[in-house]
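Chemist: Here it is: the structure, laid out below.
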Amino acid sequence: MNTIKACIFDLDGVIVDTAVYHYKAWKRLANSLGFDFTEHQNEQLKGVSRVRSLQLILGWGGVTKTEAEQEQLATQKNTWYMEMVNQMKPEEILPGAKEFLKTCRTVGLKTALGSASKNSMTILEKIGITDMFDAVIDGNKVSKAKPDPEVFLAGAQALGVQPEECVVFEDAIAGVEAALAGDMKVVGIGSPDVLKGANLVIKGLDEMTLDKLYKL
Ligand code: G6P
Ligand code: MG
């Protein structure tokens, strides 16, 4: 017997490939400060809040900035990021994402978004899938960043289900850890080498089925 009642989806890298836009905008910021960082380092930014990401990047570049300067830099990055987001079209939904959301809803599973991004609502509107979620928990609603489970626990609460009745879909190691810390099952989207601890790792939601979900 399965006890899964809800699926909670991360946004960046799971539903849409905004992870690439985050990378481009952060890279542009680092370059403007006279240094660069690698794609490997970028992995550590996935699922991590805007402020914390900036602090990590400044650390890699050995650059110190005041709090006011940091705020300005984070705003600059977000402006560059949103320039790309504002060009987004519904076709940019990752393969299988819309289909799997629809499948979940058809069989009565609840769906929620659980993302650290303060831009979540804008992105969902851009790609036209806002109405496919029973609840949206984003960076404006939580104060503790992944790997803290707050965002997913808030999602479960908003859906009226228990944490152990939820499956989280995540592309970031911090997100996988957050789901596990919240006592939830987790499907990693990406590489098993990176997403250690996930109950299952797939390359994208196009590989996900109800059969795999109920076997977790
Ligand atoms: C997601 C992304 C991170 C991003 C964070 C905050 O978790 O994976 O790369 O830093 O959201 O996004 P925001 O849109 O609020 O800057
Ligand atoms: Mg993500």
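The values are calculated or read from the model by the stated rules, or taken from the named source; none is laboratory data. Everything numeric in this text was worked out from a predicted model, so none of it was measured. Please note: Cβ atoms are built from the backbone with ideal geometry, for glycine as well, and neighbour counts cover all protein chains shown. Please note that ligands, DNA and RNA were not included when accessible areas were found on the heavy atoms of the full protein model with its side chains. Shrake-Rupley method; radii C 1.70, N 1.55, O 1.52, S 1.80 Å.
Chemist: Go through MET88, MET84 for me and flag whichever is at pLDDT below 95 and surrounded by 13 or more Cβ atoms within 10 Å (Cβ to Cβ).
Modeler: MET88
Chemist: Suppose we filter ALA116, ALA154 for residues that are at pLDDT below 95 and open to solvent by 10 Å² or more (accessible area, probe 1.4 Å); which single one remains?
Modeler: That would be ALA116, the only listed residue that is at pLDDT below 95 and open to solvent by 10 Å² or more (accessible area, probe 1.4 Å).
Chemist: Now, a different point. Taking region 173-205, which residues are among the polar types (S, T, N, Q) and over 17 Å from PRO149 (Cα atoms)?
Modeler: SER191
Chemist: Now for a separate question. Look at region 5-30 and say how many of its residues are open to solvent by less than 20 Å² (accessible area, probe 1.4 Å) and among the charged types (D, E, K, R).
Modeler: Of the residues in that region, 1 qualify.
Chemist: Then there is this: What are the residue pairs meeting all of these: first residue in region 36-54, first residue among the small types (Gly, Ala, Ser), second residue near ligand 1 (Cβ under 9 Å from one of its atoms) and assigned to a helix (DSSP H, G or I), Cβ atoms under 9 Å, and 6 or more apart or on different chains?
Modeler: As it stands, the answer is GLY47/ALA174; GLY47/GLY175; SER53/HIS22; SER53/TRP26; SER53/ALA74; SER53/LYS77, since those pairs meet every condition given.
Chemist: Next question. Among what's in region 129-140 and is at pLDDT 95 or above and more than 19 Å from ASP171 (Cβ to Cβ), pick the residue that is farthest from ligand 2 (Cβ to nearest atom).
Modeler: Among them, the one singled out is ASP131.
Chemist: I'm trying to understand the selection: among the residues of region 31-55, which are closer than 26 Å to ASP148 by Cβ, open to solvent by less than 50 Å² (accessible area, probe 1.4 Å) and more than 10 Å from ligand 1 (Cβ to nearest atom)?
Modeler: PHE37, GLN41
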